[in-house]
Every structure is written in structure tokens, then in C-alpha cells.
Amino acid sequence: KPTLFGKGNTVAQIVAVAAVILSQFFAPEWVVFLREWSLGATVLLTLVSGFHYAWRAMRQIGSAGATA
């Protein structure tokens with residue numbers, strides 16, 4: 001099941017791709033800032049959501065073993 005971190009990561013990725021493409025043709029300061037910010041947010045949210053999904057999976061595995 002998707003989490004808020006995973007959904008935020010998806011939004012950051014979409015914004016990052018749009019900003020990178022836009023910055024290739026039109027690069028005022030706000031587009032460059034948006035590109036850098038969204039790429040950083042994508043990296044951070046990828047790490048956070050990855051650890052969160054791993055933590056959830058380990059918790060499910062642990063609780064499944066306790067009930068078996």
C-alpha cells in the first residue's frame with residue numbers, strides 16, 4: 001500500500017522531470033531553483049520512503065512470525 005512518503009516522492013519526481021526539461025529551454029532563476037530543489041527533494045524522499053517501506057516490511061514479517 002502506498003504511503004505518504006511514496007506519494008510525495010512521486011510528486012517530487014514529476015516536478016523534477018518537468019523542471020529539468022523546462023530548464024533546457026527556459027532557465028530563469030526560479031526554474032533553476034525549482035530544478036535543484038525538486039532533485040534534492042527526490043533524493044531525500046527516495047531514501048525516506050525506501051527506509052519506511054523496509055521498516056514496514058520488517059514489522060509485517062515480525063508480526064507474521066509471532067502469530068504463526
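The values are calculated or read from the model by the stated rules, or taken from the named source; none is laboratory data. What you see is a predicted model; the values in this text were computed from it and never measured. Using ideal geometry, Cβ is built from the backbone for each residue, glycine included, and neighbour counts are taken over all protein chains shown. The area values use the complete protein model at the heavy-atom level, side chains included, leaving out ligands, DNA and RNA. Shrake-Rupley method; radii C 1.70, N 1.55, O 1.52, S 1.80 Å.
Quick notes on this structure:
- Tabulated pairs, the stretch 7-20, first touching a residue at least 12 places away in the same chain (Cβ under 8 Å) and more than 9 Å from residue 38 (Cα to Cα), second open to solvent by less than 50 Å² (accessible area, probe 1.4 Å) and in a helix (DSSP H, G or I), C-beta under 7 angstrom, 6+ apart or interchain: 8/45; 9/42; 9/45; 9/49
- Options 18, 27: the member that is outside any loop (DSSP other than H, G, I, E, B), small (Gly, Ala, Ser) and open to solvent by less than 70 Å² (accessible area, probe 1.4 Å): 18
- Residues that are more than 16 Å from residue 2 (Cβ to Cβ) and either touching a strand residue (DSSP E or B) at 6+ places or on another chain (Cβ under 6 Å) or of a type in the set (Lys, Arg) (or both), drawn from the stretch 13-68: 35, 59
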